[in-house]
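Student: To start, I am sharing the structure in question, which I have written as structure tokens.
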Amino acid sequence: MMTQVRSLGLHGVEGYEVACECDLSGGLPNFDIVGLPDAAVKEARDRVRAAVKNCGFQFPVSRITVNLAPADRKKGGTVYDLPILVGILSAGGQLPKPEEGAAFVGELSLSGAVRSVPGMLPMALAAREAGVRELFVPADSAPEATLAKGLVVYPVAHVGELVAHLRGEERISPAQEWIPGREEVPEPDFSQVKGQENVKRALEIAAAGGHNILMIGPPGAGKSMLARRLPGILPPLSRREALETTAVHSVLGLTTKERPMLTQRPFRAPHHTISAMGMAGGGNPLIRPGEISLAHHGVLFLDELPEFHKDVLEVLRQPMEEGKVQISRAAGSESFPARFMLVCAMNPCKCGWYGYSDRCRCSSKDVEKYQYKISGPLLDRIDLVVDVPPPDFDTLAEKPAGEPSAVIKERVDAARETQGERFGPGGVPCNAQMGRGELEEFCPLDNGCQAMMKGAFERLGLTARGYDRILRVARTIADLDGSRDIQTHHLAEALQYRAAGWMAK
């Protein structure tokens, strides 16, 4: 007898429907799983057999064949344990055949307990698109599954509960939709930073327009401290952005039943020993997203920028332009979202004091060697470069606190609201992502600005990309100023943040 049970799988960070076909036939007892399963899927044979017996059911003494369709797509993980168990019991007549609109996902313990699985959100979204009406998931994964909306989600803690529900003996109560509460984890505040007003201004511009920024200064000047306060002034995630970001974190198992959805923009700060695969993503046989995808719609902070391996930094170039990363391997290729703000910090030389103190003993050759670890193409993709000088004693000894993050955030939110009205619901979300069409429409320059830009273009040796990025930054500064048009002082401020000539002291 053959029974088909609907289930779901993961392909990158997207879900897709999987048909779990279970066939019981005569012959010598055997248990085969086909459909390109990986080792974790094959091991479901032992988990399902033990769970069936330990829950008081009779495991069929027959030839069992389980096919996971589509059979030409690799299957990985432990998500198919529950549908395989339901299919075997149904094919053996111990359970009624599942309804057409029901789908099952979950990992089994040997005792029959149902454990959570990664990637629940993208699978739930795929189930909704496939027309699934009822989704049976592990109890710990149920809050995340409810985020897809349009589904009746049944939290299953044990096989016994599921069997009683399917037999109509005792129904499982559907899970209520998870609603985010008030965020209790406080963000570090800019009021704790004394001085560095020029850097705070640059970070405000970066937050308002979604621009990449590089901070250069000696050790202890506050670069890392300032960067970690940036998320506190960023605008909140929209629901679409939250779902996209949560899907990436869910695939890697970084969500919990208490916090199934990200409510704050991610802040990722990988160590400089990270590999190119760890940064961009990869793996074998299943390709998984890397740090740049985990920072999707958030901040990727690279401290001690020149200490990162060259190949790690160079993999950032394409994602910074396109907002996604394409990973190609012999087993296949995957595309992951990677729309992030790049925030970098570095010292001017190996010892860190070149141009700031007489204690620097680096030769000019050593300084050039250190600074030129950052390639020109990567620098050309950074919108703002700002100097972070060491604070003096009087600044540190001041008692009054600086401007709080809440006040800065109000200005940032107002600027983002202006951009949202300008681009419309179907347009780009911020100035940093404007294309050529938006630049021509929303960033016209008058005669004075044209003359200033021409002089800067020749003096700084700007590229076409650098020209566009200056216009985007100037547009953001004008938005913060509440100006409809870009004025000369807006353009002048944008030009002072340009990377060209940043090594001169």
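The values are calculated or read from the model by the stated rules, or taken from the named source; none is laboratory data. These figures come from a predicted structure and were not determined experimentally. All Cβ positions, glycine included, derive from the backbone under ideal geometry; neighbour counts span all protein chains shown. Protein only, heavy atoms only, side chains kept; ligands, DNA and RNA dropped before computing areas. Shrake-Rupley method; radii C 1.70, N 1.55, O 1.52, S 1.80 Å.
Student: Using each residue's phi in the stretch 91-100, evaluate 6.51 cos²θ - 1.76 cosθ + 1.60 at θ = phi - 60° and report the 3J(HN,Hα) Karplus result to the nearest Hz, with x for Gly and Pro.
Tutor: 5, x, x, 8, 9, x, 5, x, 5, 4
Student: So between ARG167 and ASP481, what do we pick up on full extension, going 0.36 nm a residue minus the alpha carbon distance?
Tutor: Going from the current span to full extension adds 106.5 nm.
Student: Let me ask something else. Distance from a point 7 Å along Cα→Cβ of LYS369 to each backbone N in the stretch 344-362: keep the residues under 15 Å and list them by number.
Tutor: Under 15 Å, as judged by backbone N against the label point of LYS369, lie 349-352, 361-362 of the stretch 344-362.
Student: Can you sort ASP380, ASP413, ASP140, ASP394 by solvent-accessible area, 1.4 Å probe, largest first?
Tutor: Result, largest first: ASP394, ASP140, ASP413, ASP380.
Student: For GLN192 paired with GLN318, estimate the spin-label separation in nm (one decimal), with each label point 7 Å from Cα along the Cα-to-Cβ line.
Tutor: Roughly 3.9 nm, to one decimal.
Student: Ok, one more. Per-residue ellipticity at 222 nm for the chain, helices alone: DSSP H runs ≥ 4 residues times -39500 (n - 2.57), over residue total, nearest 500 deg cm²/dmol?
Tutor: Working: 21 runs with 183 residues, N = 505.
About -10000 deg cm²/dmol.
Student: Kirkwood hydrodynamic radius of the stretch 144-255 from all distinct Cα pairs, in Å?
Tutor: 18.4 Å
Student: For an R0 of 56 angstrom, estimate the FRET efficiency from the Cβ-Cβ distance between LYS53 and VAL428 and round to the nearest 0.05.
Tutor: Step by step, r from the Cβ atoms, then E = 0.45.
Student: What FRET efficiency comes out for ASP72 versus ARG359 if R0 is 56 angstrom and r is the Cβ-Cβ distance? Round to the nearest 0.05.
Tutor: E(calc), rounded to 0.05, equals 0.30.
Student: With the cut-off at 22 Å, report for the stretch 41-179 the share of all Cα pairs above it, as a whole percent.
Tutor: Above the 22 Å cut-off, the stretch 41-179 has 34 percent of its Cα pairs.
Student: So which lysines pass the test for LYS74, namely a Cα distance under 16 Å, with those fewer than 8 places away in the same chain ruled out?
Tutor: By straight Cα distance, LYS74 reaches LYS42.
Student: Follow-up. For the chain, what is one quarter of the convex hull surface built on the Cα atoms, given in nm²?
Tutor: Values: hull surface 110.2 nm².
So the Cα hull casts an average projection of 27.6 nm².
Student: Oh, and also: Please identify which residues in the stretch 446-462 have an amide N closer than 17 Å to a label point set 7 Å out from the Cα of THR488, following the Cα→Cβ vector.
Tutor: Those under the cut-off are 446-457.
Student: Excluding same-chain residues fewer than 8 positions from LYS409, which aspartates and glutamates have a Cα within less than 13 Å of its Cα?
Tutor: Cα-Cα hits under 13 Å: GLU187, ASP189, GLU204, GLU417.
Student: Lysines near LYS365 by alpha-carbon distance under 20 Å, same-chain residues fewer than 8 away left out - which ones?
Tutor: Straight-distance partners of LYS365: LYS310, LYS350, LYS373, LYS505.
Student: How far apart, in nm, are the 7 Å Cα→Cβ label points at SER224 and GLU43?
Tutor: Going by the 7 Å Cα→Cβ label model, 3.7 nm.
Student: Given N residues in the stretch 287-412, what is Rg(Cα) / (2.2 N^0.38 Å)? Kindly include the intermediate steps, with their values, before the conclusion.
Tutor: Details: Rg = 18.7 Å, N = 126, 2.2 N^0.38 = 13.8 Å.
Taking N as the residue count of the stretch 287-412, the ratio is 1.36.
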